[in-house]
Amino acid sequence: MAKSISPNAISTVLSNPSPDSSSDLPDIVVQILDLKQNGNRYMCFVSDGKMKLRAILPSSQFSDVLSGKIQNLGLIRIVDYTLNDIPNKPDKYLIVTKCEAVSPALEMEIKSEPTGITLKPKEDVVVKTEGAAGFVLKPKQDVVSKSAAQIVREQHANSAPARLAMTRRVRPLVSLNPYMGGWTIKVSVTSKGTMRTYKNARGEGCVFNVELTDEDGTQIQATMFNDAARKFFDKFVMGKVYYISKGTLKVANKQFKTVANDYEMTLNENSEVEEVPEEAGFVPETKFSFVPIDQLGPHVNKPDLVDVVGVVKSVSSTMSIRRKSNNESVAKRDITIADESKKTVIVSLWGDLATNIGQELLDIADKSPVVAIKSLKVGDFQGVSLSAISKSLVLIDPEVPEAQKLRSWYDSEGKDTAMAALSSGSIPSNSGNRSVYSDRVTLSHITSNPSLGAEKPAFFSIRGYISFIKADQAMWYRACKTCNKKVTESTGAGYWCESCQKNDEECNLRYIMVVKVTDASGEAFISTFNEEAEKIIGCSADELDSLRSQEGEDSPYQLKLKQATWTPHLLRVSVSQNEYNNEKRQRITARAVVPVDYAVESRNLLENISKMGVSQ
């Protein structure tokens, strides 16, 4: 019997968008068109000769595609499926959850066949006798008498697996959308966050998140609040597999989503979570998107997370840090890493990462291992720094091309190359996410608003003059040449770095000073760090220290400070609130300092004047 597509197969699918296991559907045999790989899925069109439909093949059939059993222009029988809407479009796509190969590739696409042949099960044997019509001979059936109780028991026994099959109709994560109800998914917990508390206008509560992965490698983030959080926090265990149903989906907030999925899931206290015993979790392949160390600047204080790869230059001992939020102590360990950009950056590990992975790195620090770290926050502590979060992943000497390339570079030339720490100067002219020509205000605007920076740092740009630099202030500190953190004089000789856990014969001096800035509206004291201070003073802290040691009536040190005053600068500043002796004070910190470009300033003035004329 010739194999062909089923007539009106696409119409059958469209009229039964979500069949259950008991649906009495005919065989659905369709032709595959335009089969191609898209990421970790195979996409295609399925056709019945009259109509076409977008389709996604299940991962369980990938081996059949690779082996050639399922081919472009070939035929497949669809055994189970789900029909989904394409967001913001009238079209639909078919999620094939189970199918069988029927025929290899045909010579051409089948179009508008008048009569399709549906593949049918084996027919009963028909025996014809001479001169008589054909009769179907059926085997004799034995009649077995059964009691009513036996019949009822058998009916229950037969219906239980059917009901279980219907309850366990598992849908792939890729097929879910906010408009679908009654779904069940089978997923593994690949990341589990900590229980967090919050307080807002509606009261206090708790929340935690998990990242779930199905066998196709698709991931989704699930969030639970209050009663649901308390109910499921202990139930979800990393690496275990669960059936989950009665949850809701909504469009994911792109600013905060942690996985590549357009939707996020919410589970409430009525949601159902059932562990699948003795089944290994679906562990997706870890994929990195590395950011070179010298390109971390644009990510400072942004909500997105970054991945980095670097050679470990130093590992600190474990420190105990007390959280302001709950007054609890947490372990912290800093590691300094470098890459081919010849820049170093400090990565702070917390909790178990600090005590476990951190200790392992400390034990092999002399071998300069390569680490790949996923999901780090980029901050501006002491310039640019990285901090691990609960979902961060640290791999030591991973088998990824970037790590192998870095190892080769470091062994051949990197270990003898001078490295420089990444600082706030690496944040391009968008410090505070904007340039020195945006958010321009006067100093009085900042000083007359004491509440600025109460909730989070506020950023502004100002144009002013350095009017005073106190000569006898502590203008610098002794810093480690590797990590730029403060060092102390050793008992014998040299300088001890607590962060790097090593003693060096020499150290650097780095600026940390306060200057008075004045403009037409008023004045304010502004804190400056090394890179910004060097631009103001015009020399490094080591050079200024050598001038300070020179004596005479016209002290070169005093003269250098005097030359730095009454010079105009453009400053990008952050405004925050610091508490001192139980009193909140406003702290203004320079984040970028650039000389005045009078041509640009003139154009800005002309633009502002023209805007004033239009507004009048």
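Counting only the heavy atoms of the protein chains, how much of D91 is accessible to a 1.4 Å probe, in Å² to the nearest 10?
70
Let me spell out the model: positive unit charges on the Cβ of Lys and Arg, negative unit charges on the Cβ of Asp and Glu, origin at the Cα centre of the range 358-421. What dipole size does that give, in debye rounded to 20? Display every interim value, and only then the final one.
Numbers: 7 positive and 10 negative charges, 61 e Å.
In total the dipole reaches around 300 debye.
Using mean Cβ contacts within 10 Å as the protection proxy, how do 520-526, 97-103 order, highest first? Walk me through the numbers on the way to the answer.
Details: 520-526: 16.4, 97-103: 18.3.
The peptides rank, most packed first, as 97-103, 520-526.
Suppose R0 equals 41 Å. What FRET efficiency, 1/(1 + (r/R0)^6) with r the Cβ-Cβ distance, do K611 and D294 give to the nearest 0.05?
Values: r = 38 Å, r/R0 = 0.92.
With a Förster radius of 41 Å, E is 0.60.
Could you sort M319, M513, M612 by accessible area so the largest value comes first, with the probe set to 1.4 Å?
On the way: M319 65, M513 5, M612 110 Å².
Solvent-accessible surface, decreasing: M612, M319, M513.
Heads up, I need the accessible area for V174: 1.4 angstrom probe, whole protein in place, Å², nearest 10.
Accessible area of V174: about 40 Å².
Take V251 and T565, extend 7 Å from each Cα along the Cα→Cβ direction, and tell me the distance between the two endpoints in nm.
About 5.8 nm separates the two model spin labels.
Just reorder T197, T491, T344 by solvent-accessible area, largest first, 1.4 Å probe, all chains present. Don't skip to the end; give the middle numbers.
Details: T197 120, T491 145, T344 5 Å².
Sorted by accessible area, descending: T491, T197, T344.
Place a point 7 Å from the Cα of S320 along the Cα-to-Cβ direction; which residues of the range 354-395 have their backbone N under 15 Å from it?
Label zone hits: 355.
How many angstrom lie between the C-alpha centres of the range 533-608 and the range 175-254?
Each part's Cα centre sits 50 Å from the other's.
Length gain on complete extension for the stretch L547 to K69, per 0.36 nm per residue less the alpha carbon to alpha carbon distance? Walk me through the numbers before you get to the answer.
Numbers: separation 478, 0.36 × 478 = 172.08 nm, distance 8.10 nm.
Result for the pair: 164.0 nm of gain on full extension.
What nm distance separates the two modelled labels at E279 and D34, each placed 7 Å from Cα along Cα→Cβ?
3.4
Between F468 and Q501, what is the FRET efficiency for a Förster distance of 41 Å, r being their Cβ-Cβ separation, to the nearest 0.05?
On the way: r = 40 Å, r/R0 = 0.98.
The computed FRET efficiency comes out at 0.55.
With each pseudo-label sitting 7 Å past Cα toward Cβ, what's the T442-E601 distance in nm, one decimal?
1.6
In the full protein assembly as shown, how much of K186 is accessible to a 1.4 Å probe, in Å² to the nearest 10?
50
The values are calculated or read from the model by the stated rules, or taken from the named source; none is laboratory data. As the structure is a computational prediction, the values presented were derived from the model and not from experiment. Backbone-built Cβ (ideal geometry, glycine too); neighbour counts: all protein chains shown. Heads up: the accessible areas ignore ligands, DNA and RNA and are worked out on the full protein's heavy atoms, side chains in. Shrake-Rupley method; radii C 1.70, N 1.55, O 1.52, S 1.80 Å.
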